[in-house]
1. Could you order the peptides 90-99, 236-245, 383-392, 276-285 from most to least packed, using the average number of other C-beta atoms within 10 Å per residue?
2. Would you calculate the volume per residue, in Å³, of the smallest convex hull containing every Cα atom of region 101-160?
3. May I ask you to derive the relative contact order of the chain, considering only C-alpha pairs under 8 Å and at least 6 residues apart, and to give it as an integer percent?
4. In Å², what does the accessible area per residue of region 235-285 work out to with a 1.4 Å probe?
5. Would you kindly calculate the translational diffusion coefficient of region 20-131, applying Stokes-Einstein with the Kirkwood radius from alpha carbon pairs, for 4 °C and a viscosity of 1.567 mPa s, and quote it in µm² s⁻¹ without decimals?
6. Which value in Å does the Kirkwood hydrodynamic radius of region 2-42 take, with 1/r averaged over all unlike C-alpha pairs and then inverted?
7. What shape does region 192-255 take by its C-alpha gyration tensor, where a ≥ b ≥ c are the square roots of the eigenvalues and a/c under 1.5 counts as rounded, a/b above b/c as prolate, and the rest as oblate?
8. Taking the simple approach of a point 7 Å from Cα along Cα-to-Cβ for both residue 407 and residue 138, what is their distance in nm?
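The values are calculated or read from the model by the stated rules, or taken from the named source; none is laboratory data. Model, not experiment: these values are computed from the prediction. Glycine also receives a Cβ, built like all others from the backbone with ideal geometry; neighbour counts cover every protein chain displayed. Side chains are part of the model used for accessible areas, which takes the heavy atoms of the whole protein and leaves out ligands, DNA and RNA. Shrake-Rupley method; radii C 1.70, N 1.55, O 1.52, S 1.80 Å.
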Amino acid sequence: MPSTAGRALAGLLAVVSLTWTLWHGVAERPVALAFGVLITLGELARRGSGGSESEREPAPLGAAGALAYALLGQNAGTATHHGALQVIAVVVAAALVGAVPHVALGHGPTPDDMARRVLTVAFAAACFQPLYNAGKLKHWVGHGPWFALVIVALLVLTALCDAVLAAAMARARTRWPFGPLLRDELRAMLGIGSAVCATGAVMALGVAVAGLWALPVFSLPLLLTQLSYRRYAAVRATYRQTIASLARATEIAGHTPQGHAHRVAGLSRAVGRDLGLCGQDLTVLEYAALMHDIGQLSLVDPVPEGATAALPEEQQRRIALLGGAVVRQTGVDSAVAVVVERQADPYCHQPLTARIVRTANAYDEMARGEGPTGALGGPLHALERLRLGTGRDYQPEVVESLARVVSRGGLSSPPAG
């Protein structure tokens with residue numbers, strides 16, 4: 001589904017649901033108010049900005065509350081009749097209220113994040129509410145263990161729907177391959193996503209038996225999980241900042257130009273995405289790209305402009321091996337050291353991550369050395385030279401992927417030398 005189409009569909013559902021609910025009135029107002037307040041508080045407690053790659057569910061409590069309301073059939077043993085359209089209306093209204101402070105501070109949820117929330121809740125509510133209100137679920141499975149299994153099954157389907165939506169929207173936005181994006185989303189479900197789904201199921205079943213008092217009781221574990229996840233994310237961010245600081249050592253020492261390591265890392269990650277890498281492979285690729293030049297610190301005389309791609313093969317191999325040894329001593333994942341060590345090998349003997357870093361590094365050096373001749377002269381000349389080197393030094397598929405990344409204009413060209 002294109003990103004714009006998803007937003008349009010979500011917007012249409014929101015308008016229709018709000019209009020229908022305002023026209024017909026809110027059914028079971030205390031229940032709607034309780035879940036609305038819970039979703040609003042969840043949005044107020046969101047972390048960071050929605051939609052970033054590292055924060056796939058920035059408002060877990062709000063998401064769990066929305067799912068629970070979509071799958072709610074009883075309140076303390078009394079059947080509810082709020083319907084799917086009211087579910088969407090309450091979720092949209094509560095999410096918008098909770099997002100106001102974040103929008104005012106400039107880091108509110110993205111349109112794709114909001115569209116996913118609306119479409120996912122709409123899917124869950126449309127699967128459950130009509131069947132429950134028509135009495136079909138009671139007739140088929142009753143209210144015992146089989147009913148709980150139906151709730152769990154619907155949550156699994158909803159989670160899969162959310163993953164497909166997220167991958168499709170990311171595909172439309174970035175043009176990265178759909179398969180790896182979907183794998184990333186499915187892998188993320190094992191983390192905070194599984195906690196959101198589990199809490200949503202427990203909330204719906206708990207309110208059905210104990211009433212609205214179950215909401216604060218079952219919200220606490222998810223809040224604690226969210227706090228733990230924040231700490232984990234902070235540790236990962238600190239770890240990456242440490243690696244980025246190590247990468248700047250070559251710039252501070254005058255061995256490489258300013259920003260070279262970060263440009264190579266950005267290019268490498270984009271090419272890796274384009275070629276279908278995901279998860280840990282992307283992380284290793286990014287860290288290796290940041291530290292690919294660290295072996296130059298062992299040189300007595302710096303290479304002019306840090307341009308290692310033009311050095312003799314033996315000198316390139318020496319710098320790569322020294323760089324790998326330095327990386328191993330820092331305690332970084334050994335897979336990163338392997339990528340750094342293999343930079344000078346012929347591409348047919350390199351892992352894909354090393355091929356990507358080598359190509360991105362050479363591109364940045366060549367484009368910087370050429371300088372712009374017209375709007376895109378430097379980058380175009382650099383790509384031509386890379387294509388000429390595909391017989392031994394650069395893998396053709398990686399070079400063509402880099403060309404696609406550059407053509408999208410998502411990354412700036414290096415400054416002219």
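1. On the way: 90-99: 22.4, 236-245: 12.8, 383-392: 14.9, 276-285: 18.3.
The most tightly packed comes first, giving 90-99, 276-285, 383-392, 236-245.
2. Working: hull volume 6.3 nm³, N = 60.
Roughly 105 Å³ of hull volume per residue.
3. Details: 587 pairs, mean separation 55.9, N = 417.
Computed value for the chain: 13 percent relative contact order.
4. Numbers: 2080 Å² over 51 residues.
Dividing the accessible area of region 235-285 by its residue count gives 41 Å².
5. Details: Rh = 14.1 Å.
Reported coefficient: 92 µm²/s.
6. On the way: mean 1/r = 0.0844 Å⁻¹.
Hydrodynamic radius (Kirkwood, Cα only) of region 2-42 equals 11.8 Å.
7. Details: a/c = 8.95, a/b = 5.06, b/c = 1.77.
Here region 192-255 falls in the prolate category.
8. 6.0
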